[in-house]
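Undergrad: Quick one: the structure is below, and I'll ask about it shortly.
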Amino acid sequence: MGDVDIESKIQQDREKGRKEWDHPISFILAAVGSAVGLGNVWRFPNLVSQYGGAPFLIPYFFILIFVGMPILGMELSIGTFYQAGDADAFGSMNPRLRGIGLASVFAGYTITFYYCIILGYACIYFVECFHKTDAIPWYDNQAAHFDDISMTAGMAARKLADPSTEFDWLGTFNWKVFVGITVVWILIFLSIFKGVKSTSWVVKFTVPLPLLILLILIIRGAFLDGAGDGIKAYLIKWDGSTLNDPVIWTKAIGQVFFSLGVCMGVMTAYSSHNSKSKTNVAMSEKAISLSDTGIALLGGFAIYEVLGYMQKKCEKDSATGVCAENYYKQASMGLAFIAYPSGLATLEAPQFWGIIFFGCLIMLGIDSAFSLAECFVTFAKDCWIGLRLRPKTWMVVLPTCIVGWLAGLLYCYDSGTVYLDIIDNYLNNWGMVLIGTLECFAVGWVYKIEDQYKQVGKLSVMVYNLGFVFFLLIGTIVALAIPGKKPTEGTKAVLDALLASYGKDQGGALGVGLAIFFIGWILLTCIAVVLSKGPASGIGSKLWAIMGWHGADSLRTQVNNVVRNKEKDGVWVPNTLKSEIEALYRHDCFCIAFGFLIKYFSYALLLVVTCINIKGDIETSYGGYPSDMLILGQLVFVFMVFLVLLVAIFPRIMYDPIKHSGSNSHLGRLTWMFTPKPCPSAEPK
């Protein structure tokens, strides 16, 4: 069998007997449940408060609208129209891109390992809420109790305090957390063991119920003394100086990506069970992203009302009227497991409030956890082994949960919270942003590139594409690598003047980097136009053929035609005045900006942010951790890059060697798999 037929036959095999959601609302609930997680309750409110209050919403909504939502729409589109998870959806575009999806599935599954540990903490607190009031372990000293559960004062902490301390990598095993994660993985198995059939039932309870609980907590918190001060500290205060800090933008990107669940394979896997002919992708994108943001804002009100109450109470109890503790500065897990339980413990019936709060955390988190596991299950069923064996869903889910449970044992030791922080950093700040960059590259720059070749020739397109990436990287490196500091003594006069004019701060370096990029971009565009050879005539046609977002437009055309009455209005055609005006005002369509944001804005921004994150962690050891602890997170990132490169070089290793190689010998099949022969892309049927 030739490579020309392989992708289309694989797609046909995937679609045979593929289960669909029982109702479109089930898909929306599942996707919202995946997007809305623990980060909505403590990470988002903490970032808002930490970075000046309302000013944080400026970069957050900017990134959400111009980066997060387009990438979410892109993932929903390719999942729906290719009827496959991340790996096979990108592989159907071009077999060399399959590694991008494979890396995202690996990253999402790896996140599940430590995400379940946090849910394990919530399970422990939930059980402890059933004690009598004076017997609740976290009633008197919440910080010490959380340290006891997470064992943060163990071997790992001593290693941080004194790097010369002999480190055994693990430390003491925590049996409480072990029981907690065991319960969590059992819940995950029960949620997805029948695929979308069981998931559809679970999300009907685990998505609306936490929202109701948050509303109850907000109403109760509003009557607490100091609640207004907490809301001011959360959202109303204004510190515009934080907008000058570039970190606020990287934090906004991290929050949007982690909260929406993009670049983890989840949204593609879930949307692969949609109907290709009925699903309104544009509306789904808006419903998921806006629901996620709305619940994050609500979670902040619930948290900070109680924090304001605790701060006020502390000030009243102090002899000087000044509280030694700043409850607003509690970060991440400290909000959920230290500061907030402290406030609940002072209320009447603390058991009741503790039960509904930690129950809310469990339900919010379990949706995200089983969605990350589900994307790995989808990949396993879509790969050539799964297509050949056709196992029942539970047969794939069971080993997936067992492996995840075993991998989670690493975090049950007293070094667990340290490794959680390290791996989370390398997966989210490095890995997720890199995957987002590669996904935009795949759809914006590689998908439908053959159509560009036909219009202006391969040489013209390659000169433009490689030139854009080259000058973007060079401009970024110059902006980041040259600090623009005052020249040292002894430098020659000419060099002194050059460096002095370059700038004394990072702003000068940024200006030079931008100048290099834009000048190079314009120059390469002119060269590409001159080199163009093909049917495209006229400068406008040539520029569109070279610079246009043809792959994104292909997806956009399919999305917009699903909701269109073709008998009445005809087929929607991109880049015509009538169609583009219609797409601009219709909320159920993608407008022309979709392709530009994918190919240029999101791609360039994420590539620059990837370089910034890597540079920052190289210059300063992340978290002050010793190198022997950081290596685990670095290896996770390196393995993601390895997956992308391996499949890009040898795309046939993802094919069935027995069915597709045409060879009867093991050596012949192995040779065929590692032959880096170009493979064509397949159109969604």
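Undergrad: If the stretch 606-656 were replaced by its equivalent ellipsoid, with semi-axes equal to the square roots of 5 times the Cα gyration tensor eigenvalues, what would those be, largest first, whole Å?
TA: So the three semi-axes of the stretch 606-656 are 29, 15, 6 Å.
Undergrad: Now, a different point. Under 19 Å Cα-Cα from Lys599, which lysines qualify once same-chain neighbours fewer than 8 residues away are excluded?
TA: Lys448, Lys458, Lys542
Undergrad: Could you order Met267, Met333 so the one with the most accessible surface comes first? Probe is 1.4 Å. Show your work: numbers first, answer last.
TA: On the way: Met267 0, Met333 35 Å².
Result of the area sort, largest leading: Met333, Met267.
Undergrad: Normalised radius of gyration for the chain, please: alpha carbon Rg relative to 2.2 N^0.38 Å, two decimal places. Provide the component values of the computation, followed by the final result.
TA: Working: Rg = 26.4 Å, N = 685, 2.2 N^0.38 = 26.3 Å.
Taking N as the residue count of the chain, the ratio is 1.00.
Undergrad: As I understand it, the value is the acute angle between the Cα axis of helix 506-531 and the longest principal axis of the Cα atoms of the chain; what does it come to in degrees, rounded to 10?
TA: So the helix axis and the longest Cα principal axis differ by about 20 degrees.
Undergrad: When each pair of different Cα atoms in the stretch 310-409 is counted once in the 1/r mean, what is the Kirkwood radius in angstroms, to one decimal?
TA: 17.4
Undergrad: Return one number: the angle in degrees, 0 to 90 and rounded to the nearest 10, between the long axis of the Cα atoms of helix 208-222 and the longest principal axis of the Cα atoms of the chain.
TA: Helix 208-222 sits roughly 50 degrees off the main axis of the chain.
Undergrad: For every helix of n ≥ 4 consecutive DSSP H residues, a contribution of -39,500 (n - 2.57) applies; sum these over the chain, divide by its total residues, and give [θ] at 222 nm rounded to the nearest 500 deg cm²/dmol.
TA: The helix contribution divided over the chain gives -21000 deg cm²/dmol.
Undergrad: For the stretch 88-97, take each phi angle, set θ = phi - 60°, evaluate the Karplus expression 6.51 cos²θ - 1.76 cosθ + 1.60, and give the result in whole Hz per residue in order, putting x for glycine and proline.
TA: So the Karplus estimates, Gly and Pro as x, are 6, 5, 5, x, 6, 5, 7, x, 6, 8 Hz.
Undergrad: Please calculate the 1.4 Å probe accessible area of Arg586, with all protein chains present, and give it to the nearest 10 Å².
TA: So the heavy atoms of Arg586 present about 60 Å² to solvent.
Undergrad: Oh, and also: How big, on average over all directions, is the shadow cast by the Cα convex hull of the stretch 16-114, in nm²? Write down the numbers at each step before the final one.
TA: Working: hull surface 33.8 nm².
Convex hull of Cα atoms, orientation-averaged projection: 8.4 nm².
Undergrad: Lysines near Lys316 by alpha-carbon distance under 22 Å, same-chain residues fewer than 8 away left out - which ones?
TA: In chain and number order, the partners are Lys232, Lys329.
Undergrad: Kindly express, to the nearest 10 degrees and within the range 0 to 90, the angle between helix 550-562's C-alpha long axis and the longest C-alpha principal axis of the chain.
TA: Here the helix axis deviates by roughly 70 degrees.
Undergrad: Here's something else I'd like to know. Taking the Kirkwood radius as the inverse of the mean 1/r across Cα pairs, report the Rg/Rh of the stretch 246-357.
TA: 1.14
Undergrad: What ranking, highest mean first, results for peptides 84-95, 429-440 when packing means the other Cβ atoms within 10 Å averaged over each residue?
TA: On the way: 84-95: 29.4, 429-440: 25.9.
Highest to lowest by the protection proxy: 84-95, 429-440.
Undergrad: Could you give each residue of the stretch 310-315 its phi-based ³J(HN,Hα) in whole Hz, using Karplus coefficients 6.51, -1.76, 1.60 with θ = phi - 60°, and x for Gly or Pro?
TA: 5, 5, 5, 5, 5, 5
Undergrad: Are there trypsin sites (Lys or Arg not before Pro) in the stretch 267-345 that DSSP puts in a loop and that have at most 13 other Cβ atoms within 10 Å, and which ones?
TA: Lys278
Undergrad: Compute the Cα gyration tensor for the stretch 554-685, then decide on rounded, prolate or oblate, letting a ≥ b ≥ c be the square roots of its eigenvalues: rounded whenever a/c is under 1.5, prolate when a/b is larger than b/c in the other cases, and oblate in all that remain.
TA: oblate
Undergrad: On to the next question. Anything over 18 Å Cα to Cα? Flag those among Lys16/Lys566; Lys251/Lys615; Lys286/Lys568, in the order listed.
TA: Lys16/Lys566; Lys286/Lys568
Undergrad: Right, here's the next one. Can you tell me the length gained on complete extension of the stretch Phe205 to Leu290, counting 0.36 nm per residue apart and subtracting the Cα distance?
TA: So the extension gain works out to 28.6 nm.
Undergrad: Continuing with this model, one more query. Taking the mean number of other Cβ atoms within 10 Å as a proxy for protection, how do you rank 624-634, 529-539, 465-475 from highest to lowest?
TA: Result, highest mean first: 465-475, 624-634, 529-539.
Undergrad: Using the per-residue mean of other Cβ atoms lying within 10 Å as a proxy for protection, in what order, highest first, do the peptides 518-528, 114-124 fall? Walk me through the numbers on the way to the answer.
TA: Numbers: 518-528: 15.3, 114-124: 25.2.
My ranking of the peptides, most packed first, is 114-124, 518-528.
The values are calculated or read from the model by the stated rules, or taken from the named source; none is laboratory data. Note that the structure is predicted; figures quoted are calculated from it, not measured. Glycine also receives a Cβ, built like all others from the backbone with ideal geometry; neighbour counts cover every protein chain displayed. Note: accessible area is taken over every heavy atom of the protein model, side chains too, but ligands, DNA and RNA are not part of it. Shrake-Rupley method; radii C 1.70, N 1.55, O 1.52, S 1.80 Å.
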